[in-house]
Amino acid sequence: MRYHKIPDETIKRMPTYLRGAMRLSEQDVKSISSKELAALLGVNPWQIRKDFSYFGEFGTPGVGYNIEKLLTHIRKILKLDVVRKAALVGAGNLGSALLAFPRFGTYSLEIAAAFDIDKRKIGKKKHGVLIENISAIKTLGQRSIDLGIISVPRGAAQEIADKLVEAGIRGILNLSPQHVTVPKNVKVITIDIAKGLARLPYYV
């Protein structure tokens with residue numbers, strides 16, 4: 001399923017809606033109104049209705065949203081209705097923490113491969129994932145892996161991004177504090193934790 005002309009901000013909010021719906025499902029809630037869902041997630045009801053309207057009618061007037069149907073719709077929108085495999089590059093402190101993170105499976109995501117240049121790490125398993133030599137990145141296309149995670153020092157980020165693109169990766173989560181350049185058909189999402197933290201003192 002592919003959608004066109006959907007605001008990027010709407011797509012950014014979809015995982016929030018998914019997480020809220022999963023929480024409600026765990027609590028055995030059957031349906032919820034946009035107002036109730038908005039209160040749970042800390043957003044505006046009109047924003048939820050507008051975001052969902054891009055993809056058709058999700059709810060029933062006077063009843064609200066059926067939780068299980070909502071989960072199915074959002075997973076399909078985000079293409080999480082099947083397990084998506086990712087490759088991690090950089091098995092240092094941050095990379096190891098990602099390998100240990102237990103909730104990727106909740107979102108139908110799996111870190112299926114990990115790479116590093118440190119000979120002390122290569123050949124060993126971390127949280128069930130074998131750490132491979134960086135040279136093996138070129139085999140990703142044969143493993144049905146189309147997502148990549150960059151968790152390397154700033155100076156190596158662009159080189160790793162290039163290698164991932166050459167291997168057929170179409171989406172990259174960049175955790176390095178370095179802007180990387182990729183072809184237009186590859187999506188990069190950069191998360192700079194330090195930069196986000198640096199904004200907090202302004203508001204305090």
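The values are calculated or read from the model by the stated rules, or taken from the named source; none is laboratory data. Computed from a predicted structure; not experimentally measured. Glycine gets a Cβ as well: all are built from the backbone with ideal geometry, and neighbour counts include every protein chain shown.
Lys50: part of a loop (DSSP other than H, G, I, E, B), charged (D, E, K, R) and either farther than 18 Å from Leu173 by Cα or touching a Lys or Arg at 6+ places or on another chain (Cβ under 8 Å) (or both), yes or no? Working first, answer last.
On the way: part of a loop (DSSP other than H, G, I, E, B): no; charged (D, E, K, R): yes; either farther than 18 Å from Leu173 by Cα or touching a Lys or Arg at 6+ places or on another chain (Cβ under 8 Å) (or both): yes.
Considered against the rule, which asks whether it is part of a loop (DSSP other than H, G, I, E, B), charged (D, E, K, R) and either farther than 18 Å from Leu173 by Cα or touching a Lys or Arg at 6+ places or on another chain (Cβ under 8 Å) (or both), Lys50 comes out as no.
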*asked:* Quick check on Lys195: is it basic (Lys, Arg), within 21 Å of Asn93 (Cβ to Cβ) and assigned to a helix (DSSP H, G or I)?
replied: yes
*Mind checking whether some residue in region 112-126 is farther than 18 Å from Leu99 by Cα, hydrophobic (A, V, I, L, M, F, W, C) and either loosely packed, with under 12 Cβ neighbours inside 10 Å or touching a helix residue (DSSP H, G or I) at 6+ places or on another chain (Cβ under 9 Å) (or both)?*
no
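Just need a number here: residues in region 12-43 that are part of a helix (DSSP H, G or I) and either touching a residue at least 12 places away in the same chain (Cβ under 8 Å) or among the charged types (D, E, K, R) (or both). Quick ask: steps written out before the conclusion?
Pass one, region 12-43, residues part of a helix (DSSP H, G or I): 12-26, 34-41.
Now drop any that are not either touching a residue at least 12 places away in the same chain (Cβ under 8 Å) or among the charged types (D, E, K, R) (or both), which leaves 12-26, 34-37, 40-41.
Here the count works out to 21.
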*Exactly one condition in (1) without any contact (Cβ under 8 Å) to a residue 24 or more places away in the chain; (2) over 22 Å from the mean Cα position of the chain (by Cα) is not met by Lys138; state its number.*
(1)
*Counting only residues that are farther than 14 Å from Gly95 by Cα and out of contact with any strand residue (DSSP E or B) (no Cβ under 9 Å at 6 or more places or on another chain), how many does region 123-150 have?*
3
_For region 136-158, give me the residue count where each residue is over 9 Å from Ile169 (Cβ atoms) and not in a helix (DSSP H, G or I)._
6
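Given Val188, Val165, which one is within 29 Å of Asp81 (Cβ to Cβ), in a helix (DSSP H, G or I) and in the same structural domain as Leu94 (by TED's automatic domain parsing)?
Numbers: Val188 fails: in a helix (DSSP H, G or I).
Criteria check complete, one pass: Val165.
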*Could you list all residues from region 82-97 that are within 19 Å of Lys187 (Cβ to Cβ) and surrounded by 15 or more Cβ atoms within 10 Å (Cβ to Cβ)?*
Arg84, Lys85, Ala86, Ala87, Leu88, Val89
*Which numbered condition Glu110 misses (of (1) in a loop (DSSP other than H, G, I, E, B); (2) on the phi < 0 side of the Ramachandran plot)*: (1)
